[in-house]
1. Go ahead and run the numbers for FRET between K110 and E45, Cβ-Cβ distance against an R0 of 35 Å, rounding to 0.05.
2. List the residues, sorted by chain then number, that are 5 or more residues from L7 or on another chain and whose placed amide H is less than 5 Å from its amide H.
3. Lysines near K134 by alpha-carbon distance under 29 Å, same-chain residues fewer than 8 away left out - which ones?
4. Under the rule of -39500 (n - 2.57) per DSSP H run of 4 or more residues, summed and divided by the residues of the chain, what mean residue ellipticity at 222 nm is obtained, to the nearest 500 deg cm²/dmol?
5. Can you give me the distance in nm between label points at E23 and T10, each placed 7 Å from the Cα along the Cα-to-Cβ direction?
6. Tell me, what is the per residue accessible area of the chain in Å², probe radius 1.4 Å?
7. Can you give the direction-averaged projected area of the convex hull of the alpha-carbon atoms in the range 96-146, in nm²?
8. May I ask you to derive the FRET efficiency for Q32 and E61 from their Cβ-Cβ distance with R0 = 25 Å, giving the value to the nearest 0.05?
Amino acid sequence: MLCEKPLALTREDLREIISAEKESESRFMVGQICRFTPAFIKAKEIVESGAIGDIYYVESEYAHDYMYILKDWRSDPLRHGVVGGGCHAVDLIRWIAGNPIDVRAYSNHKYLTTWPVNDTTIAIYNFPNGVIGKVFCSIGVKRAYT
């Protein structure tokens with residue numbers, strides 16, 4: 001079974017999904033499509049080959065202007081931009097650098113004032129082996145599509 005992200009909007013829903021998966025004989029996967037994108041696969045291969053040396057910093061972002069889709073499914077008050085699309089940026093740096101040992105995040109609510117959640121978040125990651133990283137996520141950013 002392939003589940004679109006976000007996997008769940010509440011911890012209770014997540015526990016139910018985990019329980020159902022454990023009880024079934026089916027395979028389960030969350031749609032983290034970036035891991036199957038040729039350019040990202042190549043980047044991971046380059047990093048793992050050592051061709052560019054040891055990594056010391058990783059950075060990714062999810063930046064879109066949701067101003068004109070506020071009546072869309074994306075405006076569910078439980079669907080924060082980090083959960084909805086920023087999860088791809090987070091997944092990519094974890095795929096490259098591993099699981100972080102510490103994460104700090106800061107958010108604000110400056111552009112989509114009618115949106116029920118913060119519209120911009122920056123997260124700083126500390127990974128094993130001294131690697132650090134950053135993820136920028138904004139659903140209110142005013143710039144060309146990235």
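1. That pair, K110 with E45, gives E of 0.35.
2. none
3. By straight Cα distance, K134 reaches K5, K42, K44, K110, K142.
4. -7500 deg cm²/dmol
5. For the pair E23/T10, the computed spacing is 1.8 nm.
6. 66
7. For the Cα atoms of the range 96-146, the hull's average projected area reads 4.5 nm².
8. So the FRET efficiency works out to roughly 0.95.
The values are calculated or read from the model by the stated rules, or taken from the named source; none is laboratory data. These numbers come from a predicted model, not from an experiment. FYI the Cβ positions are ideal-geometry reconstructions off the backbone, even for glycines, and counts take in every protein chain you see. With ligands, DNA and RNA removed, areas are computed over all heavy atoms of the protein, side chains included. Shrake-Rupley method; radii C 1.70, N 1.55, O 1.52, S 1.80 Å.
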